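For reference, the structure is listed below as structure tokens.
The values are calculated or read from the model by the stated rules, or taken from the named source; none is laboratory data. Nothing here was measured: the structure is a model prediction, and the numbers come from that model. Backbone-built Cβ (ideal geometry, glycine too); neighbour counts: all protein chains shown.
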Amino acid sequence: MAQYSLFNVWAVSLPLKLLLMGGYHSTDFDVHRNWMAITKNLPIAKWYFEDTNQWTLDYPPFFAYFEWVLAQLVPPVVKNDGALDIVATGNYGWPTVVFQRLTVIASEIFLFYALQTYINTSKTAAGKRRAYVVACSLALSPALLICDHIHFQYNGMLFGILTMCLARARSHRYVSSAFWFATLLCFKHIYLYLAPSIFVWLLFQCIGFKPVKFDWQLLTKIGLTVIAVFAVAFAPFARQLPQLLTRLFPFSRGLTHAYWAPNVWALYSFADRVLIQMYRHLPGVRLALDRYLGADITTKLSAGSELLASATRGLVGDVAFAILPTVTPAVTFGLTLFYMVLALIPLAMNPTYSRFVGAMTLCGYASFLFGWHVHEKAVLVVVWPFTFIAARDRSLLKPFSLLVSAGFVSLFPLIFTPMEWGVKVGYTVVWLMVFFVNFSKVTPVPRSTTPKSTGGVILDRVVQWYVLGLVPLVVVVTVLEVLETKYAVLQRLEFAKLMLTSVYCAVGVVGSWIGFNALYFGRDDLWNDDDDA
Ligand SMILES: *[C@@H]1O[C@H](CO)[C@@H](O)[C@H](O)[C@H]1NC(C)=O
């Protein structure tokens, strides 16, 4: 049997990551530098209080410990460069950049280890080959390259921990799976969004109806493991717990982030913009809207223009909608929860491994599509679990390809420097082509043999055209970007450009979600086995 080692993949991708070290990095770089400084210079009790720099520590304790470890490794030349200074804005040079970039590359080794573990848990040769394609696609993901090696974050390591959880789940090692997930939560709490799926999956390994069982030993082991992990993480902060929690859950942020993540709220905001234009220019629409909504729209439009402008950037505070009803955190929370619960019901009835990963994907979708203040980078939370099941059946590849193409293109606005343009676009295009081909190669043809309906054929075409449509989208946005530097007038279009990307990508992500739901709820044969696929 072939070895399917990821070592070569790591070695081949390393030079590119090293080359990107000197390129653009976002403010997240100073975030992590500041956290190193905080954990190095201050006693533990002050970590979550320190606020000299606006990028205060707002990840759970394991991540803070991680920064502490990194801070211990800082050599004198990097320290003298200002890497460990607690200042309002970091003042650092090359040594700090090289050091921090190397910490990302080094911590990512854990991802490769985790993916190799996942490949190794395959039982058959075909399963192993499929796992290898899955693992390569994740290890080489353009989203990781953009978010970690250009923008600057540590997603690789974190998704490595999630991968360990899934690899253990796949080999039915429940306690170990729970251990890795609890660890992940103590690193970054965004993964709470996926927690309902693993909670229900583990619970129904202990409790069963057909046949009736109650495995209290397993339940106790899992419970104690999770409690132990959280105790190790949070015990040192027992006295500062309320402060720690306000840092982790700042509820004062707006509905949408700086740019709109490609989710339902992007479409909602866009619909509001369209209605505003119709209201302004079509007398009939104006009459109708005034009659049904009361006459305060004009006041909102004139008085609220500043609010509306701020909503477009979405920086702080609430988003103002002129015509559509305001969206409150409670509404987003309710919708997210509703769609999560819907996904969990079949999982509770038949808690197989594949259904668990499907439910996790749907939890990711629910939080991404309906959540409050969603960041476009969070699309990885959907893509990650989805990738592990995408190669089970051809029918799953369609929503998957829709999700990755729309999701990855929506990350492009994160990187706006000309130098990295070629990298983000070229790399993503190559990745999409290589993995479309390889996923189709290793994926079995549909298990159901019903011939394709006309509707299905048309749907396939629409998906193909949609994905091709991403090309003109990127071209138009790029041309606008280039012309902007020459003609100041065009800078006023900056928002239109971002909106175009968000709205087009949102259509793709929502479409992939609908397609995936149809398969999750409609095709039991895809989820009923626990096999190697
Ligand atoms: C995976 O399996 C290979 C070959 O059986 C072995 O050499 C390697 O150490 C294993 N890796 C992990 C991470 O389990």
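The residue of the range 170-185 that is nearest to Ala131 (Cα to Cα), among those that are modelled with pLDDT under 95 and touching a helix residue (DSSP H, G or I) at 6+ places or on another chain (Cβ under 8 Å), is Arg170.
Lys123 - would you say it is surrounded by fewer than 20 Cβ atoms within 10 Å (Cβ to Cβ) and without any contact (Cβ under 8 Å) to a residue 12 or more places away in the chain? Give the derivation first.
Working: surrounded by fewer than 20 Cβ atoms within 10 Å (Cβ to Cβ): yes; without any contact (Cβ under 8 Å) to a residue 12 or more places away in the chain: no.
In short, no.
Of everything listed in (1) touching a Leu at 6+ places or on another chain (Cβ under 9 Å); (2) over 24 Å from Lys188 (Cα atoms), the single unmet condition for Leu162 is (2).
Note on the range 34-127: enclosed helices (runs of 4 or more DSSP H) holding 3 or more residues that are more than 16 Å from the ligand (Cβ to nearest atom) and closer than 30 Å to Pro15 by Cβ are 61-72, 76-79, 94-107.
Confirm whether Gly426 is of a type in the set (Gly, Ala, Ser), in a helix (DSSP H, G or I), more than 24 Å from His25 (Cα to Cα) and modelled with pLDDT of 90 or more. Answer is no for this residue. Only one residue in Leu138, Leu145 is crowded, with 22+ Cβ neighbours inside 10 Å and either more than 16 Å from the ligand (Cβ to nearest atom) or not in a helix (DSSP H, G or I) (or both). Which one? Testing whether each residue is crowded, with 22+ Cβ neighbours inside 10 Å and either more than 16 Å from the ligand (Cβ to nearest atom) or not in a helix (DSSP H, G or I) (or both) leaves just Leu145.
The criterion of being crowded, with 19+ Cβ neighbours inside 10 Å, of a type outside the set (Lys, Arg), farther than 22 Å from Leu362 by Cβ and not assigned by the TED database to the domain that holds Val445 does not hold for Ile109. If the condition is being farther than 16 Å from Ala182 by Cβ and surrounded by 16 or more Cβ atoms within 10 Å (Cβ to Cβ), then the range 212-234 contributes no residue at all.
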